[in-house]
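Right, I'll just put the structure down here and ask away after.
The values are calculated or read from the model by the stated rules, or taken from the named source; none is laboratory data. Bear in mind the structure is a predicted one, so any value in this text is a computation, not a measurement. Here Cβ is always computed from backbone atoms with ideal geometry, including for glycine, and neighbour counts include all displayed protein chains. Accessible surface is based on the protein model in full, side chains and every heavy atom, while ligands, DNA and RNA are left aside. Shrake-Rupley method; radii C 1.70, N 1.55, O 1.52, S 1.80 Å.
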Amino acid sequence: MPEFDSVPSVVDALGARGYIADTRLATTVYLVTQLDKPMLIEGPAGVGKTELAKALAKITGRRLLRLQCYEGQDETKALYEWDYGKQLLYTQILREKIGQVVADAPDLRDAVERIGAQESVFFSERFLASRPLLEAVRSPEPVVLLIDEVDRADEALEAVLLETLAEFQVSVPEVGTFVAEKPPYVVLTSNNTRDLSAALKRRCLHLFLDYPTAERELEIVRSKRTGLPDALAAQLVDIVRGLRELELRKAPSISETIDWARTLAVLGVSELTAGILSDTASVVVKYDKDVRKTISALPRLVDPNAKVPEAGSERGHGHGHGPGEHDHGEHSHTSNGRPERDAEEVDGRAVRAGKDAPGRHGPGYYRTKDSSQADTEPGPPRRVTADRGARSFGANLGRRRAL
Ligand SMILES: Nc1ncnc2c1ncn2[C@@H]1O[C@H](COP(=O)(O)OP(=O)(O)O)[C@@H](O)[C@H]1O
Ligand SMILES: [Mg+2]
């Protein structure tokens with residue numbers, strides 16, 4: 001299994017697997033492999049966060065385990081649950097045997113006691129269904145653990161993640177505590193739809209991944225062998241960067257640039273005109289309003305000297321449009337009226353703006369500079385509903401201890 005001895009060696013290894021990294025990104029990856037610290041990548045959709053975790057698994061020869069986060073997800077989907085179906089199947093098959101155990105019980109209470117004495121048989125490793133966190137801890141071979149889009153998970157689950165990541169161990173009350181022999185490389189990603197807890201950020205090496213520079217984006221597009229000649233690809237990258245400057249509901253990401261390049265190559269385009277770009281714009285912008293804004297901006301983006309009327313009213317919000325100026329995650333230009341919530345809004349500006357009301361969390365949640373208590377305070381108190389953590393019919397056998 002390759003060990004990396006320097007940042008350039010990481011750049012090279014990633015490059016060989018088709019992932020184009022700059023030194024800032026590669027430095028963080030290098031540190032992940034050296035420090036056994038989780039890495040948190042934040043940034044808009046489609047900038048290569050998930051892909052990086054996959055590439056890390058490839059270059060280290062490790063298996064990739066993925067926990068895809070979503071709203072309402074509970075810890076049984078992240079840690080483990082009891083395999084109810086299997087338990088039931090076994091009790092069916094063993095019906096006769098179980099019958100013998102209770103055959104001469106004088107009353108119901110005694111029968112229940114006898115069954116209870118056998119409980120440990122059914123709450124043993126055999127019936128444990130590992131979910132990604134436990135799987136990562138139990139794996140005999142070290143793995144890469146991808147916790148994808150952690151901002152979609154509820155805060156309660158975030159706290160569970162934090163506990164697990166702190167010690168790379170998972171305790172199952174009925175069975176015992178599992179400790180990772182070799183800690184996994186952990187990659188968490190966030191699309192910034194909400195702020196993550198300070199405790200989680202503190203625990204991780206943090207990387208903000210923005211849209212790449214024109215140079216790197218071109219390199220990525222080229223590496224995908226789209227079939228579009230280099231000169232056109234370079235021009236296309238600039239145009240996409242121009243589109244990112246518009247106030248689009250969903251700005252085009254790297255994958256859209258790649259798709260657009262492929263599309264134009266398939267059409268055998270030899271020159272990028274506003275006409276052909278407009279005809280294919282739906283490859284890069286997916287909302288009707290965005291398409292209209294894009295089409296009206298294209299002539300100017302293709303030829304900055306062209307005399308075309310500005311789509312003035314559709315832009316604005318005091319957002320700077322200087323060349324090379326990009327969002328840096330804080331999105332200070334979010335419109336002041338709260339936009340309607342939309343789960344599809346992948347870059348999450350509106351969602352986050354709506355959720356990030358001051359005081360949404362208790363004091364201390366967003367604590368920023370507190371290192372003295374870093375290890376004793378893993379985060380906010382867990383808010384867990386009564387049914388959360390109920391695990392098949394093991395629910396009453398004992399709640400999972402806090403780790
Ligand atoms: N640095 C990169 N090198 C190569 N391909 C990249 C890079 N960044 C992004 N891509 C491409 O962009 C696509 C989208 O990336 P993805 O990881 O799914 O985005 P995210 O998880 O940030 O939303 C990937 O499938 C990949 O083809
Ligand atoms: Mg992703």
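Arrange the peptides 90-100, 140-150, 267-277 so that the one whose residues have, on average, the most other Cβ atoms within 10 Å appears first.
Ranking, from highest mean packing down: 140-150, 267-277, 90-100.
Run the quick spin-label model on A265 and A105: label points 7 Å from Cα toward the beta carbon, then report their separation in nm to one decimal.
6.9
Sort the following peptides by mean Cβ neighbour count (other Cβ atoms within 10 Å, averaged over residues), highest first: 126-134, 111-119.
Going by the mean number of other Cβ atoms within 10 Å, highest first, we get 126-134, 111-119.
Could I ask something else about it? Could you compute how much accessible surface F122 exposes when probed at 1.4 Å, giving the result in Å² to the nearest 10?
Counting only protein heavy atoms, F122 exposes about 30 Å² to solvent.
May I ask which residue of V101, V112, F123 lies farthest towards the positive end of the charge dipole of the range 92-141, with charges of +1 (Lys, Arg) and -1 (Asp, Glu) on Cβ and the Cα centre as origin?
Projecting each Cα onto the dipole axis, the largest value belongs to F123.
Find the all-direction average of the projected area of the Cα convex hull for the range 113-193, expressing the result in square nanometres with one decimal place.
The directionally averaged projection comes out at 6.5 nm².
Using the Cα atoms of the range 53-116 to build a convex hull, what is its mean projected area in square nanometres?
Working: hull surface 31.7 nm².
If I average the Cα hull's projected area over directions, I get 7.9 nm².
When Lys and Arg each count +1 and Asp and Glu each count -1, what net charge do the other residues less than 14 Å away from E141, Cβ to Cβ, add up to?
Once all neighbours under 14 Å are counted, the net charge is +2.
If I model the range 80-127 as equal point scatterers sitting on the Cα atoms and use the Debye formula, what is log10 I(q)/I(0) at q = 0.25, 0.29 Å⁻¹?
Taken in order of the listed q values, log10 I(q)/I(0) reads -0.96, -1.11.
Grab the Cα-Cα distance for E125 and V112, subtract it from 0.36 nm times how many residues apart they are, and report the gain in nm with one decimal.
2.4 nm
Take peptides 297-305, 201-209 and line them up by average Cβ neighbours within 10 Å, highest first, as a rough protection proxy.
The packing order, highest mean first, is 201-209, 297-305.
OK, next. Which entries in the list K58/K250; K224/K250; K77/K224; K49/K286; K58/K224 go over 27 Å, if you measure between the two C-alpha atoms of each?
Over 27 Å apart, Cα to Cα: K58/K250; K77/K224.
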